[in-house]
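Quick notes on the structure that follows.
Read the figures in this text as sums done on the coordinates, not as results from a lab. This structure is a prediction, so every number in the text was calculated from the model and none was measured. Cβ placement follows ideal geometry from the backbone for every residue including glycine, while neighbour counts extend to all protein chains displayed.
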Amino acid sequence: MKALRFVLAVPLQKPQLFQKIETAVELDQVCAGGPRLWTNDGVPIMDLGDAGHIVGLVFSKTSATPLLCLPPDAPLKGGPAALAAWLMRACWGGYVALLSDRATGRIAAIVDPSGLCPVYRSKTLTHIILASHPGLVRTVTSAPLVVSWQGLRSYLLRPELRQISTCLVGITELPPGELVRIDERSLGGERIWRPDDFMPGRITMSFDEAAEELRNIAIPVIGAWAKMLGPVAVAASGGVDSSFICAALKAGDESFTCATVSTDDASGDERAFVNMLGKHLGVQTKSAIYDPATVDPQRGVSAGLARPTRKAFMAALDTALFEAGRSVGASVIFDGNGGDNLFCFLHSSAPVVDRLRCEGLGRGSFSTFFDMCRVTGCDMPTMARAMMRRLSRREFPKWPADISLLAGVPEVHEEIEPLTPWFQTDVGRHGGKRDHLALIMRAQHHVHGLTTCGLPRFSPLMSQPLIEFCLGIPTWIWPEGGINRALARSAFAAELPREILTRTSKSGPDSFIRRSFDQHRLTIRNFLMDGLLAQHEVIDRSAVHDALNSDVISGGDIVYRLLDLAEAESWARSWQN
């Protein structure tokens, strides 16, 4: 798998006549002449003639086969809006469509709804630039990119919310599923793909029918990615999400191997479960141990990104997965990122209240009540009180802000502009669907797509057909039987061992991360106390100083917050070069 890289430059002068998008052979030719598009070697690009180009991978919804050209029913002459609507309805993948409008002479762009092909926008004195990577903007404009300290502070306030703004001055991101006109006056656009269109209620299915349909969607979708990006190694943990991917590949007769990374102590060692999974599916497994030598808090893993979204310990995970994957000849590593979110792993009374509102008080509501008591581990009075609070709530709570270790009095209520504006979704009586949408929004920073640099990682669970289907399933279906993500488990019950199907929790690299923090504590202290974040008053130096003295074992999540700040510091310094 090779990272998808592209740049489109559109001149700012007012269009008078239609201008076709030309292709540039060299990157330094992009800003010469009319609208021009450059892609790196091997990037899939579909020439639509006068209608524009599609960059990336496009699959048919009906057959899950890759499209090399659009079929005759595609409205190539109907204008950007008609063609964008057809793409959202008939196709899926990881792509951006760059569409020319004969009527106005303007160009519009739409990114597929999955977010697997992020696209960034910038404006110079002469051009609007769209690019797959912020660094390409710097290359074609020969101008430095500057850290937005307000943008960085806003990001650190809500690090789980992907916003249209980035942490770089003048760089914004195009919202997936939105047709955006490329000119100097407009940042917003027309929402073509809307989650409202996939809310529950259109089709009623039983649990077993929904599990079968989820299976029937997952097998061709995940298989299609494997055929295009493979050979595949799956980053397996023995948990639901990565096992779901393995089972879908196996059911589709796709070749793959399993790779797992463990801590050197029992707290984060999943090898027994992964070996069980591999043996059951008849596939090879490779294991590796987190190596402390691969972690350097001064050399972050977010360099080149528009935001410091990656975690410091990921260097160790990346290195171990890369070595394991390379040893079995894999060219891409599939991960289960976004699975908890997609498969509606809610830890609240939302499913109970949704069923009560939709079906009334009855056997079904009581069944979901007991299911959620089991999922959350709380007693019945606690769940009943949570239900009453939710029933009396008049509006969905605002996205929470994390003010810890930040300087000044934060503007917690500052206006935010999510990349996916799903807070306004019409969910009807299914109020828990807002929680489900928020879960998927939380995954957007952590999904590996086609533009991922460095290690070839990919997150197939965030594919459009899976998102659309999962949004349409009522929240109370997912925890049926009192087990989280029950529908995803049931979809591949025939392929997976019972020990995997019944797991409700698993370990992780927490012990390794905490030891790494302790090992590098002095370096992190000097790095943050004398760094750019302190100079620009993003962090509270006194609070950071106190937090750095916390006990690693009993310090709670403050260790992770400090590591995120160290990553932000490293990221900021990378843009100073």
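Side notes on the structure shown:
- Contour excess over end-to-end distance, with Cα ends at M228 and K2 and 0.36 nm allotted per residue: 80.2 nm
- DSSP bridge orientation in the chain - percent antiparallel, rounded to nearest 5: 70 percent
- Stokes-Einstein D (µm²/s) once Rh is taken as the Kirkwood radius of segment 86-184 over alpha-carbon pairs, at 20 °C in 1.002 mPa s: 146 µm²/s
- Measuring nothing but how far apart in sequence close Cα pairs (under 8 Å, 6+ apart) lie, relative to its length, the chain scores a relative contact order of 18 percent.
- Between R357 and F370, the modelled label-to-label distance comes to 2.5 nm, taking each label 7 Å out from Cα in the direction of the beta carbon.
- Check: segment 520-574 dipole with +1 on Lys, Arg Cβ and -1 on Asp, Glu Cβ, in debye: 160 debye
- Net charge of neighbours whose Cβ lies under 12 Å from the Cβ of V25, counting Lys and Arg as +1 and Asp and Glu as -1: -3
- With a Förster radius of 35 Å applied to the C-beta separation of D41 and R498, the computed FRET efficiency comes to 0.15.
- Highest mean packing first, where packing is the average number of other Cβ atoms within 10 Å per residue, the peptides 309-317, 360-368, 94-102 line up as 94-102, 309-317, 360-368.
- Lys, Arg +1 and Asp, Glu -1 on Cβ, resulting dipole of segment 6-193 about Cα centre, debye, nearest 20: 480 debye
- The stretch between R299 and R393, if pulled fully straight at 0.36 nm per residue, gains 29.3 nm over its current Cα-Cα span.
- Of the residues H545, S570, V559, the one whose Cα sits farthest towards the positive end of the charge dipole of segment 520-574 is S570 (charges of +1 on Lys and Arg Cβ, -1 on Asp and Glu Cβ, taken about the Cα centre).
- Volume of the Cα convex hull of segment 6-193, divided per residue and given in Å³: 118 Å³
- Put in line by how crowded their Cβ is, counting other Cβ atoms within 10 Å and starting with the fewest, S287, S132 read S287, S132.
- For segment 265-392, taking Cα atoms only, Rg and Dmax work out to 21.6, 58 Å respectively.
- At 1.002 mPa s and 20 °C, Stokes diffusion of segment 520-574 via Kirkwood alpha-carbon radius, µm² per second: 192 µm²/s
- Average Cα contact separation per residue, segment 6-193, under 8 Å, 6 or more apart, as relative contact order %: 21 percent
- Among the listed pairs K227/K286; K250/K286; K2/K250; K2/K227; K227/K250; K61/K250, those with a Cα-Cα distance over 19 Å are K227/K286; K2/K250; K61/K250.
- The alpha-carbon positions of segment 1-100 define a convex hull whose volume is 104 Å³ per residue.
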